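Note sheet for the following structure.
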Amino acid sequence: MGAMNGSFTECYRMVKTARQKKRLVKHDFDKQLIRLHKERESLQETKRKLPMVPIEHPYQKGWKRTFELRTDIAESKHADFYLSLLKKINTVQYSGVKHFRMKRRKHRKKVWIETPQILQEFDLWQWERNTAGFSEQERVLFYPKEYWCTAIKQTVIKYVFAEPWRFTLKVKPNMITHRKMVDEVLDREIAFLDHYIANHFLQHKINKLVNGYSYKWHKKPDRNPKHKINYLNELLHD
């Protein structure tokens, strides 16, 4: 009798209910989406790591502006120290014209003003973790400065270089001498996955599985053609 009960229990466990089958199908579909996401991320990472190759005929594409050591600082005994520091806080701007100016309205008139450019500043998270790799001597040259952040509507602290006068802006031609290596097979694989995800409306589901949330960048929600009634209603109300 006990053997019969045991076999009956084992047989009962093998038979899954409709709800369990539906849950297993959904779970398997989620795992497939995660594998699809990992495959696309792996391909994109491989593409990002492709090396730069020199081009046969370099050409100029606009202008670039960056900071350099002032002449008197470059000739001083501390030139190497400030040159090493500049590599960590330098910024670059690109422009199609050499003057690096933009139009702004002032007193109901449009006037040309100089495009602002500053050295790199570091927020509290970057400063505490020393993401730039500053030495102790270099960290002494920074001070905390408060800014009002309109995005979060509160004051934030950034660490700013205290002696920006040691550097000057320099405009140079932006010469294109290298380009990213092109792998046609890799591009086709990435394009295939992108089209598959877009055509089947899977990106929102992948975002929720991987990140736990999904942002909607458009004012109107993405319309799924499968929901014909809602789709027709939107067309009628537009």
For the stretch 127-161, what are the residues that are surrounded by 12 or more Cβ atoms within 10 Å (Cβ to Cβ), within 13 Å of I89 (Cα to Cα) and touching a residue at least 12 places away in the same chain (Cβ under 8 Å)?
-> W127, A132, F134, E138, L141, F142, Y159, V160, F161
Scan the stretch 12-37 for residues that are closer than 30 Å to K180 by Cα and out of contact with any helix residue (DSSP H, G or I) (no Cβ under 9 Å at 6 or more places or on another chain) and jot them down.
-> R35
Residue list for the stretch 142-167, filter: modelled with pLDDT under 95, in a strand (DSSP E or B) and β-branched (V, I, T) = T155, V156, I157
Check K110, K172, K98, K153 and return the single one that is assigned by TED's automatic domain parsing to the domain that holds F81 and at positive phi.
-> K153
If you scan the stretch 164-193, which residues turn out to be charged (D, E, K, R) and surrounded by 14 or more Cβ atoms within 10 Å (Cβ to Cβ)?
-> R166, D183, E189
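Answer yes or no as to whether H27 is out of contact with any His (no Cβ under 6 Å at 6 or more places or on another chain), at pLDDT 90 or above and not hydroxyl-bearing (S, T, Y).
Working: out of contact with any His (no Cβ under 6 Å at 6 or more places or on another chain): yes; at pLDDT 90 or above: no; not hydroxyl-bearing (S, T, Y): yes.
Criteria not met by H27.
The values are calculated or read from the model by the stated rules, or taken from the named source; none is laboratory data. Since the structure is predicted, the reported quantities are computational estimates derived from the model, not experimental observations. For neighbour counting, all protein chains shown are included, and Cβ atoms are generated from backbone atoms with ideal geometry for every residue, glycine included.
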